[in-house]
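Below is one structure, written out as structure tokens, with a few remarks after it.
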Amino acid sequence: MTVSTTHAPATDLGYLLHKHPDRVQEFEQSFGTATVFYPEAGEDRCTVALTLEIDPIRLARSRARDAPDFSLAQYVNDRSYAASSLLGVAMADVFSTARSGRCASRQELADEAIPLEIEFAVLPCRGGAEIAHRFFEPLGWTVKATPISLDDAFPDWGDSRYVHLRLDGTVRLADALNQVYVLLPVLDESKHYWQGPDEVDKLLRSGEGWLTDHPDKDLIARRYLGRSGDLTRSALARLAELGDEVDDAVEPAADEEVEQPRREADSAEHAAARGRTRGAPGTRGEVRDRSRLRTWPVPGASGEDLGVHPDRWV
């Protein structure tokens, strides 16, 4: 990720980010190492780069067992090569003061909208380049999203789900960083950590001043919160209060139902499977200790009832 400005003097970007242009700084994360440096630092233009080196072993060990993709993609994934929620978390840590809009030495500049250019070389974008335009353009950005082909040697294979994204606009730096922090996992529609009720608070804090009036706020909230119905309803209810609106219900957007049919089908299938496995409370079909999520042998139940061989522990 790179952030550039042509505000004069451009090196004031270092004050806003609290990172000196002449230094290379490293910040340890639970999943790797974030590095901040300035490939370009002049009076007319200044660019800061944030790179993230993912350690797959540390990532797998730091991931909760109930986190998404635990069993499927602990070690083989795109996180080392594409911007994702990992980059968003690292950015939130490295540029935490800048995201808050505080700058003791240049507060008037921190409160001012300045010309910015933000670029991501490889960004997962479910829904294609169109969805990037849909999310960023209402915020005042000029968006250039270029799809990346699956393989240049085989053009017939078409485009991948990744884009090269460039944003240009005159925006307050704190707002720009908060928008990127929210929309990175929204575009990817995936997070590397388990999402709880505190994610609603994070969304509202980072979306302060722009999310309430966004035409796709319901879609942003739903994707950011992993399509959790309860969390999404809570977030949209609180956004409605901030915007003096009243939403009696939160229904999935029609176009999202078309784009993501597999998720709904999978959820229904998993719910049915859980119902078949658990059975009614107090009966021999209930085979799970719900507090520990383990399977125990049930006296009198056949292998057919439980779906396992009667002589084996599962």
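No value in this document is a laboratory result; all are computed from the given coordinates. Values in this document were obtained by computation on a predicted structure and should not be read as measured data. Glycine gets a Cβ as well: all are built from the backbone with ideal geometry, and neighbour counts include every protein chain shown.
May I ask you to list the residues of region 100-126 whose amide nitrogen lies under 19 Å from a point 7 Å from Cα along the Cα→beta-carbon direction of Thr6? Backbone N within reach: 113-120.
Can you tell me the length gained on complete extension of the stretch Glu40 to Leu242, counting 0.36 nm per residue apart and subtracting the Cα distance?
Values: separation 202, 0.36 × 202 = 72.72 nm, distance 4.04 nm.
Fully extending the segment from Glu40 to Leu242 adds 68.7 nm.
Shown here for region 1-53: trypsin sites (Lys or Arg not before Pro) in loop regions (DSSP other than H, G, I, E, B) with at most 12 other Cβ atoms within 10 Å, namely Arg23. If R0 is taken as 30 Å, the Cβ-Cβ distance between Thr33 and Gln107 corresponds to a FRET efficiency of 0.45.
To the nearest 20 Debye, how big is the dipole of region 90-203 about its Cα centre, given +1 on the beta carbon of each Lys and Arg and -1 on that of each Asp and Glu?
Details: 11 positive and 19 negative charges, 51 e Å.
Charge dipole, region 90-203, about its Cα centre: 240 debye, nearest 20.
If I take R0 = 41 Å and measure r between the Cβ atoms of Ala92 and Ala153 in this structure, what FRET efficiency does the formula 1/(1 + (r/R0)^6) give, to the nearest 0.05? Rounded to the nearest 0.05, the efficiency is 0.60.
Solvent-free Debye calculation, one equal scatterer per alpha-carbon of region 2-194: log10 I(q)/I(0) at 0.12, 0.15, 0.18 Å⁻¹ equals -0.62, -0.95, -1.28. To the nearest 0.05, how large is the calculated FRET efficiency for Tyr81 and Ile57 if R₀ is 22 Å and r is the Cβ-Cβ distance? Rounded to the nearest 0.05, the efficiency is 0.85. Among the GluC sites (Glu not before Pro) in region 12-46, those located in a DSSP loop and surrounded by at most 14 other Cβ atoms within 10 Å of their own Cβ are Glu43.
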